[in-house]
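Every number in this text was worked out from the coordinates using simple rules, so none of it is lab data. Here the structure is a predicted model, which is why all the values come from computation and not from measurement. Quick reminder, even Gly has a Cβ in these numbers, built from the backbone with ideal geometry, and neighbours come from all protein chains shown.
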Amino acid sequence: MDQKKQQPPHDRYVLSALDGKKIMDQEEGTILLDVRTEMEYQSIRIPNAFLLPVDDVIDLVEDLYPNKDLIYIIYCRSGVRSAYARRVMKHLGYHHVYDMGGIIDWPYEKISG
């Protein structure tokens, strides 16, 4: 009997840096959220990212970003906080929320200051 190896399910809400960049370049109105601390954000970040520390997501995201139909791409340092923030936003009813993992995997332009 021919048995295929079971592949782990692919999470369609997790993006590679390449896929995230493609969406940001092609989809007007995409919001890029950095859920790290303000100190981390000031140190280095992806251009056009908005700071929303992970500890503030549950309390502030609906006030700051009320449109739940836009595309939101979230990143942090390594992917742990961004995964949590994506789950929170999905629970709050956001429809197009993607976890791009960590800035440590971002091979494109970064800015500081």
message: Show me the strands (runs of 3 or more DSSP E) found entirely inside segment 47-113 where at least 1 residues are touching a residue at least 60 places away in the same chain (Cβ under 8 Å).
response: 96-102
message: Just to verify a result, which residue in segment 26-81, among those that are among the aromatic types (Phe, Trp, Tyr) and either loosely packed, with under 14 Cβ neighbours inside 10 Å or in contact with a helix residue (DSSP H, G or I) (Cβ under 9 Å, 6 or more places away or on another chain) (or both), is nearest to GLY113 (Cα to Cα)?
response: PHE50
- line: Here the residues within segment 11-42 that are part of a helix (DSSP H, G or I), within 17 Å of ILE103 (Cβ to Cβ) and either of a type in the set (S, T, N, Q) or touching a Gly at 6+ places or on another chain (Cβ under 9 Å) (or both) are ALA17, GLY20, GLN42
- line: GLY101 meets each of (1) out of contact with any helix residue (DSSP H, G or I) (no Cβ under 9 Å at 6 or more places or on another chain); (2) on the phi > 0 side of the Ramachandran plot; (3) small (Gly, Ala, Ser) with one exception, condition (1)
